[in-house]
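Colleague: Can you keep this structure in mind? I'll have questions shortly.
What follows is calculated from the coordinates using simple rules that are stated; it is not laboratory data. Since we're looking at a predicted model, the values are computed, not measured. Note: ideal-geometry Cβ built from the backbone for every residue, glycine included; neighbour counts use all protein chains shown.
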Amino acid sequence: MPPAGGVLVHAVQGSLAAHHIGQVTYQAAPRHTVSWPHQVGVIPRRAGSFQDRAEVHRLRAAVNGGGTAVVCQVLAGMGGVGKTQLAADHARHAWGNGELDLLVWVTAATRQAVIDAYARAAADILHTDPADPERAAQAFLAWLEPAPGRPRWLIVLDDVADPADLRDLWPPAHPRGRTLVTTRRRDAALATHGRLVPVGLFTPAEATAHLRHALTAQGRSEPEADLAALAEDLGHLPLALSQAAAYLVDTGLSAAAYRTRLADRARQLADLLPEPGELPDDQSAPAAAAWSLSVDRANELRPAGLARPMLQLAAMLDPNGIPEQVLTGESTLGHLTDHRLFEHRYSPTPKPPAVTEEEAAGALRALHRLSLIDHSPAEAHQAVRIHQIVQRAIRESLGPDYRDALAHIAADALIAAWPDTERDVGLTSALRANATALIACADRSLYQPAVHPVLYYLGESLGNSGQVSAAIHHFQLVTNTATQGLGPDHPSTLRSRSDLAAWRGEAGDTVGAAEAATLLLVDQLKVLGPDHPNTLIVRSNLALWRGKAGDAAGAVTAFADLLEDYLHVLGPDHPHTLIVRSNLAEWRGEAGDTAGAVTAFAALLEDYLHVLGPDHPHTLTARNNLASWRGEAGDPDGAASAFAALLEDRLRVLGPDHPDTLTNRNNLAHWTGEAGDAAGAVTAFAALLEDHLRVLGPDHPHTLVTQSSISRWLRHAGEQ
């Protein structure tokens with residue numbers, strides 16, 4: 001994850017001016033071939049009292065004999081009317097009846113969520129590199145295009161918040177494919193893509209039947225008139241009816257008695273709720289009272305007193321899925337313990353113990369029992385789902401100070417769950433979705449008293465996953481907001497400017513990055529001083545961008561001066577000091593001192609092994625750079641041998657499709673040829689080309705360079 005002061009860019013040496021490419025005389029391990037039928041994503045569980053309704057049959061009627069009369073259908077309606085449940089029922093029905101070979105369920109609340117889901121599908125089916133989700137998503141959409149032998153598929157895009165998020169991401173029209181969308185929007189643009197299916201409230205008969213079926217399943221019966229009256233009180237809103245049914249089942253209360261409690265609670269909330277017609281999603285005051293009663297009941301269940309603060313925390317995060325470890329981790333346990341101690345503050349009994357992970361899970365089960373959340377521990381990355389209406393009702397019941405405090409607690413919980421190395425694509429995608437949801441509902445509270453680190457984590461994760469444009473957009477927004485709220489000289493503002501400049505450089509705008517870093521350095525020196533770690537990071541990045549902009553000698557001078565200050569301020573073994581040494585060695589080689597680069601990287605590798613260990617990414621990078629400069633210094637045999645040994649470790653640590661592994665294969669192929677084995681280079685590049693086509697696609701620059709390399713070494717082989 002990002003160092004405390006921002007992004008410190010690490011130069012990497014490669015061959016043919018493109019270090020992200022590589023070779024093999026080595027046969028990669030066989031890859032898993034997807035078997036059909038295949039499902040990607042998790043379908044939400046069926047509601048306990050799912051109501052068969054007219055829309056169910058309208059959806060199924062559009063399907064004719066395994067093909068589709070309507071290739072895209074859009075379920076549109078206000079929140080809480082059961083759109084997701086209808087879509088899930090349709091998907092399960094088609095899957096269970098053998099109508100599909102591929103089912104992809106996408107929680108589509110943001111554009112990034114759609115891209116990430118498509119990328120996961122592409123990784124399963126096409127074995128694309130998950131580190132480049134935007135390219136993988138486009139590869140998946142291209143694969144969905146009509147072609148002989150394509151499987152029958154259904155793509156469900158659930159909870160689309162903005163039709164613009166689907167620009168260039170709509171599945172193609174296909175005689176064997178279907179698309180199903182759920183959304184609160186009714187934009188004309190949606191109708192151009194498919195048939196609009198309005199979803200409204202239950203009819204009075206459906207609403208009464210919903211309550212009756214829920215109670216009958218528990219061996220209970222109630223007067224039909226009482227159930228109809230309760231349904232009327234709740235406005236026939238499916239979500240509110242589910243809440244009421246769970247409460248009746250759990251408490252054993254009669255429908256008539258529940259109506260009395262509901263009316264009393266609505267009167268109590270009258271001064272706290274907005275005016276009629278201004279509640280979220282047009283819900284009624286009795287519906288809001290239903291959430292309140294259910295929360296009270298859940299909070300009474302063991303472990304007593306924990307359900308409410310747990311639900312309040314979940315209300316700040318992604319409604320489509322919160323990872324289990326976020327809500328059972330140390331930050332959340334501290335939040336729950338504080339509530340337990342506060343409730344106990346006047347009790348004469350001994351202070352209660354800290355909340356355990358098991359008790360946190362118990363609070364989730366209590367909320368699940370009252371249908372306030374859906375808790376599915378087996379779905380670790382999306383273990384907790386909560387309806388947006390419930391979230392908004394909970395958040396709007398909180399005072400602004402407490403809501404701001406909750407935002408910081410939720411942000412801390414996300415950071416605690418964020419891995420240092422993002423190897424689990426599903427987890428990091430879920431964490432990004434939760435950070436995005438939190439930022440949206442926290443407004444500017446995460447910018448006080450400084451920018452919360454979760455905003456940096458999100459931006460770094462976007463960039464490191466290959467979404468550099470998204471990272472730039474994110475850090476531009478953070479910089480603008482910090483400048484407005486904290487001022488231009490605040491350390492958080494300076495940090496955000498540093499990250500923005502770094503990702504501009506990573507996107508290829510080295511001149512712009514250097515100019516931005518130059519201006520930033522003036523402000524860093526004025527505000528933080530010359531020895532502050534953040535100032536040193538800006539100097540390091542500025543030196544790198546100058547070098548990449550064409551001034552190799554200037555980069556050498558700048559890194560040499562900077563190294564002295566790093567040694568003085570941070571010491572010889574600090575990771576940032578080692579990165580500066582790596583960059584200095586790199587630019588020495590670029591400036592023409594290849595022997596000096598070899599010597600410097602050999603010494604640096606020893607220190608990396610000592611400080612970080614043999615499998616750390618920076619250690620592997622140092623080995624890559626040493627091997628490349630050995631070749632540049634006139635030892636192609638040594639370079640080829642070193643890259644062959646490094647490839648074994650890259651495969652073991654990173655896997656066959658990681659960009660660094662492909663880089664390694666390119667470099668091994670290149671130096672195999674330079675060592676005199678042109679035929680071996682052709683064989684290696686040809687094998688690499690197959691994987692570049694599969695992982696990166698035919699138009700990727702690295703694929704094109706590999707094709708050029710094959711032609712080059714074929715000519716050399718013909719001359720031998």
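Colleague: Working from Cα positions, state the angle (0 to 90°, nearest 10) between the long axis of helix 255-269 and the longest principal axis of the chain.
Modeller: 60 degrees
Colleague: Let me ask something else. Any chance you could get the radius of gyration and Dmax over the Cα atoms of the stretch 38-198, in Å?
Modeller: Values for the stretch 38-198 (Cα only, Rg and Dmax): 14.7, 43 Å.
Colleague: Here is a further query. For the chain, find the longest principal axis of its Cα atoms and tell me its angle to the long axis of helix 491-506, 0 to 90°, nearest 10.
Modeller: Between the helix axis and the principal axis of the chain, the angle is about 60 degrees.
Colleague: Tally Lys/Arg at +1 and Asp/Glu at -1 over every other residue whose Cβ is under 15 Å from the Cβ of I373; what's the total? Show your work: numbers first, answer last.
Modeller: Details: positive: R45, R297, R308, R365, R369, R385, R392, R395; negative: D250, D318, E324, D374, E379.
Counting the neighbours of I373, the net charge comes to +3.
Colleague: Take the alpha-carbon positions of the stretch 458-602, form their convex hull, and give its projected area averaged over all directions (one quarter of the hull surface) in nm².
Modeller: 8.6 nm²
Colleague: When the distances between all Cα atoms of the stretch 399-454 are binned every 10 Å from zero, what whole-number percent does each bin get?
Modeller: 24, 52, 21, 3
Colleague: Could you tell me which of H236, G508, A173 has its Cα farthest along the dipole of the chain towards the positive end, charges placed at Cβ (Lys, Arg +1; Asp, Glu -1), taken about the Cα centre?
Modeller: H236
Colleague: Which three lengths, in whole Å and largest first, does the stretch 170-276 cover when its Cα atoms are put on their principal axes?
Modeller: 53, 38, 21
Colleague: Now a separate question. Could you calculate, for the stretch 315-442, the ratio of the Cα radius of gyration to the Kirkwood radius, expressed as Rg to Rh?
Modeller: Radius of gyration relative to Kirkwood radius: 0.97.
Colleague: Here is a follow-up. Computed FRET efficiency, Cβ-Cβ of T356 and R45, R0 30 Å: what is it to the nearest 0.05? Display every interim value, and only then the final one.
Modeller: Numbers: r = 27 Å, r/R0 = 0.88.
About 0.70, to the nearest 0.05.
Colleague: Over all distinct alpha-carbon pairs, what is the Kirkwood Rh of the stretch 143-195 in angstrom?
Modeller: Radius from the Kirkwood sum: 12.0 Å.
Colleague: Please give the helix 701-719 orientation as an angle from the longest Cα principal axis of the chain, in degrees from 0 to 90, rounded to the nearest 10.
Modeller: 30 degrees
Colleague: Kindly state, as a whole number, the per residue volume in cubic angstrom of the convex hull around the alpha carbon atoms of the stretch 556-628.
Modeller: 69 Å³
Colleague: What per residue convex hull volume, in Å³, comes out for the chain when only alpha-carbon positions are used?
Modeller: Convex hull volume per residue, Cα atoms: 180 Å³.
Colleague: Now for a different question. log10 I(q)/I(0), Debye, Cα-only the stretch 551-685, no solvent, q = 0.16 Å⁻¹?
Modeller: Debye intensities relative to I(0), on a log10 scale: -0.83.
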